[in-house]
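In what follows, a structure is listed as structure tokens, so that the remarks can point back to it.
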Amino acid sequence: MTTTAPAPAAVPASRVTAVPPAPSAEAAAYFAARLAFHTDAADVHAALAAGARDFVVVDSRSTEAWDQGRVPGAVHLPTAQIPQLAGQFLDPAVPVVVYCWGPGCDGATRAALALARLGYRVKEMLGGIEYWIREGYAVETADGTRQLPPDPLTAPLGADDCGC
């Protein structure tokens, strides 16, 4: 007598795969496009530390926020003033990296939109000044430079970048 093994029970889809992942070619196109619009604090810091001059950093926050601390070398262009001031401070041929407070703020997105509408090539720095500071990078203030130790929840301790 021959016996056959029962068919394996179907594994129910988890919430992760209930909507199936995109085909790899579509995923590659999406992630490539996403990188065209975003960068992060670690990459900006590494580029600036290496002396990169192929982009300019723009802080889109208020004057009060700017005074609290900013990315060294950043240009201050509050979002509401971008249409009037961008031409005075930015070269249209140089890409712009814009930031605001952090992930809970859409100020950088608004600033990036304003700059893109003016013809600038622009990326948003993910995490904003919050993650710049949390990753342990120095900020400029009216009183000089200050730096906090890296937050171990956002950056590997003792590392210059995330190793991504």
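Once the Cα atoms of helix 107-117 and of the chain are each reduced to a long axis, what angle between those two axes, in degrees from 0 to 90 to the nearest 10, is obtained?
Orientation of helix 107-117: about 80 degrees from the principal axis.
Using unit Cβ charges (K, R positive; D, E negative) and no other charged atoms, how large, in debye to the nearest 20, is the dipole of the chain about its Cα centre?
The dipole of the chain has a size of about 480 debye.
Using 7 Å Cα-to-Cβ label points, what is the ASP143/ALA10 separation (nm, one decimal)?
Taking the two extended label points, one gets 6.5 nm.
Normalise the Debye intensity by I(0) for the chain, one equal point scatterer per Cα, no solvent, then take log10 at q = 0.09, 0.10, 0.13, 0.20 Å⁻¹ and round to two decimals.
-0.39, -0.46, -0.69, -1.31
Can you tell me the dipole magnitude for the range 18-110 around its Cα centre, using point charges on the Cβ only (Lys, Arg +1; Asp, Glu -1), in Debye to the nearest 20?
The calculation lands at about 40 debye.
Along Cα→Cβ, 7 Å out, is where each label goes; now give me the distance between the ones at ALA49 and ALA18 in nm to one decimal.
With each label point 7 Å from Cα toward Cβ, the separation is 4.2 nm.
What figure, in Å² to the nearest 10, do you get for the accessible area of SER24 with a 1.4 Å probe and non-protein molecules left out?
Approximately 100 Å² of SER24 is accessible to the 1.4 Å probe.
Per-residue accessible area for CYS100 at 1.4 Å probe radius, Å² rounded to 10?
Spelled out: CYS100, probe radius 1.4 Å, area about 10 Å².
Can you say what percent of the DSSP beta bridges in the range 13-164, counting only those with both residues inside, are antiparallel? Round to 5.
Of those bridges, close to 25 percent are antiparallel.
Where does each of ASP151, ASP43, ASP143, ASP59 land when they are ordered by accessible area, with a 1.4 Å probe and the largest first?
ASP143, ASP43, ASP151, ASP59
The values are calculated or read from the model by the stated rules, or taken from the named source; none is laboratory data. Since this is a predicted model, take the numbers as computed values, not measurements. Don't worry about glycine lacking a Cβ; one is built from the backbone with ideal geometry, like all the others, and counts go over all protein chains shown. To get the accessible areas, we keep the full protein, side chains included, count just its heavy atoms, and leave off ligands, DNA and RNA. Shrake-Rupley method; radii C 1.70, N 1.55, O 1.52, S 1.80 Å.
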